[in-house]
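**Q** I'd like to ask some things about the structure below.
The values are calculated or read from the model by the stated rules, or taken from the named source; none is laboratory data. All figures in this text were calculated on a predicted structure; none of them were measured in a lab. Here the Cβ is made from the backbone with ideal geometry for all residues, glycine too, and neighbour counts use every protein chain on show. Just the protein is used for accessible areas: all its heavy atoms, side chains included, with ligands, DNA and RNA removed. Shrake-Rupley method; radii C 1.70, N 1.55, O 1.52, S 1.80 Å.
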Amino acid sequence: MGRGDAETAHERTVRLTVRLGAVPPVVAGLRRYFGAATPRTVFGVRFPGPVGLAAGMDKDGRALRAWPAFGFGFVEVGTVTWHAQPGNPRPRLFRLPASEAVINRMGFNNGGAEALAARLRALGPLKVPLGVSIGKSKVTPVEDAVEDYRSSLQVLAPYADYFAVNVSSPNTPGLRGLQDKAALNTLLGALDTTVPLLVKIAPDLTEQAIADVLEVCAAHGVAGLIATNTTLARDGLAATDTMAAEETGGLSGRPLTARALEVVTFVAKETAGDLPIIGVGGIHSADDALRMLDAGASLVQVYTGFIYKGPGLIRAINRATH
Ligand SMILES: Cc1cc2nc3c(=O)[nH]c(=O)nc-3n(C[C@H](O)[C@H](O)[C@H](O)COP(=O)(O)O)c2cc1C
């Protein structure tokens, strides 16, 4: 595939990052530069900085030694599923550069929960907290989803500082239906663990649907909410990106900034600030991050902003929140 393919570029970045992680003094030096930040404790976990790498960038945890070098105060690996799976056929990742956006329909390509557990076991302790995002395998029918999540949870619990229960990816048929009140109630009721559980929601939910999710989360003692995943909406795109805009999948980046902030604001109000929130979606500047934190987020994550702005973005957020 040519240089222009977005997924090939992504793979090159992860490969380079893996190699960087193999040189500890370089990681330590870069981390001093990009990672100077104020630590904070959220849901009982101490984070050396407020900015995390969002789920999906390093699904199989291949570059875990290196991400702190770019200033990340935590990393969320996954989404992994119980069964290893190839994801959707390529192409499945599209850049919309004029809009500073990405559309993806990866479909949870990953090596499976057991392979991730084996890698984490071999890696040993990490420099920053680790979130593990879990989702449903494509081959597992939605009515058996609970078992899929439970199995992943069990093998990964020894390594996770928190779990993200992903019920909001648009690329696994039926998955978003697990945000519905009854389905979410059954799922969370079955996930028995001492590791903090967070639920990751879609930006496309109505206020009523978000309120329902919060009610179920409260009933199950969920540790926090991650808002938001990618959107099915196609608002706010530049005219030159209209071709790619027609691709099926979830949209992330700049066009998501306002909606993600709105969802975080709503959740913070609904819960009177009692439920920790990780704000994610279209954070491309230190000001975007500050607005998320002001709206009530305790931590933030970035994915698409990191693609377009690089590690300077992480440093800028760390400094602005110092
Ligand atoms: C290529 C790609 C893959 C993603 N994969 C996942 C995933 O596996 N699990 C998940 O919870 N979110 C996934 N996301 C969503 C991001 O974690 C994040 O919630 C979303 O992109 C909004 O943040 P951003 O605008 O900073 O990218 C993915 C996003 C992209 C662009």
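**Q** Keeping all protein chains in place and using 1.4 angstrom, which order do D287, D161, D58 fall into by accessible surface area, from largest down?
**A** Listed by decreasing accessible area, they come as D287, D161, D58.
**Q** Sticking with this structure for a sec: Quick one: which residues, 5+ away or cross-chain, put their amide H under 5 Å from the amide H of L96? H built at 1.01 Å from N.
**A** Residues meeting the amide H criterion: A101, V102, I103.
**Q** List the relative contact order of the chain as a percent without decimals, with contacts defined as Cα pairs under 8 Å and 6+ residues apart. All intermediate terms of the calculation are to be shown ahead of the outcome.
**A** Numbers: 713 pairs, mean separation 59.9, N = 322.
Normalised by residue count, the contact order of the chain is 19 percent.
**Q** Let me ask something additional. Within straight cross-link reach of K59, meaning Cα distance under 19 Å, which lysines are found once same-chain residues fewer than 8 apart are removed?
**A** K127, K136, K138, K200
**Q** Of the peptides 199-206, 250-257, how do they stack up when ordered by the mean number of other Cβ atoms within 10 Å, highest first?
**A** On the way: 199-206: 21.9, 250-257: 25.4.
Result, highest mean first: 250-257, 199-206.
**Q** Right, something else. Give me a comma-separated list of calculated 3J(HN,Hα) values for region 214-223, in order, Karplus coefficients 6.51, -1.76, 1.60 applied at θ = phi - 60°, integers in Hz, x for any Gly or Pro.
**A** Rounded to whole hertz, the list is 5, 5, 5, 4, 4, 5, 9, x, 4, 7.
**Q** Need one word for region 77-230: rounded, prolate or oblate. Basis is the Cα gyration tensor (sqrt eigenvalues a ≥ b ≥ c); a/c below 1.5 gives rounded, then a/b vs b/c decides.
**A** rounded
**Q** Each residue of region 100-112 in order: what ³J(HN,Hα) in whole Hz does its phi give by Karplus 6.51 cos²θ - 1.76 cosθ + 1.60, θ = phi - 60°, with x for Gly and Pro?
**A** 6, 9, 9, 10, 9, 9, 4, x, 6, 5, 6, x, x
**Q** So, by mean Cβ neighbours within 10 angstrom, what's the order for 297-305, 270-278 with the highest one leading?
**A** 297-305, 270-278
**Q** Let me ask another. Can you give me the solvent accessible area of Y308 with a 1.4 Å probe, rounded to the nearest 10 Å²?
**A** Probe radius 1.4 Å; accessible area of Y308 about 60 Å².
**Q** Right, another one. Which whole-number percent of Cα pairs in region 86-149 have a distance greater than 18 Å?
**A** That tail contains 58 percent of the Cα-Cα pairs.
**Q** When each pair of different Cα atoms in region 1-134 is counted once in the 1/r mean, what is the Kirkwood radius in angstroms, to one decimal?
**A** 15.9 Å
**Q** In Å, the Kirkwood hydrodynamic radius of the chain over pairs of distinct alpha carbons?
**A** In the chain this quantity evaluates to 19.4 Å.
**Q** Using only C-alpha atoms and all pairs of different ones, pull out the Kirkwood radius for region 197-301 in Å with one decimal.
**A** Hydrodynamic radius (Kirkwood, Cα only) of region 197-301 equals 14.1 Å.
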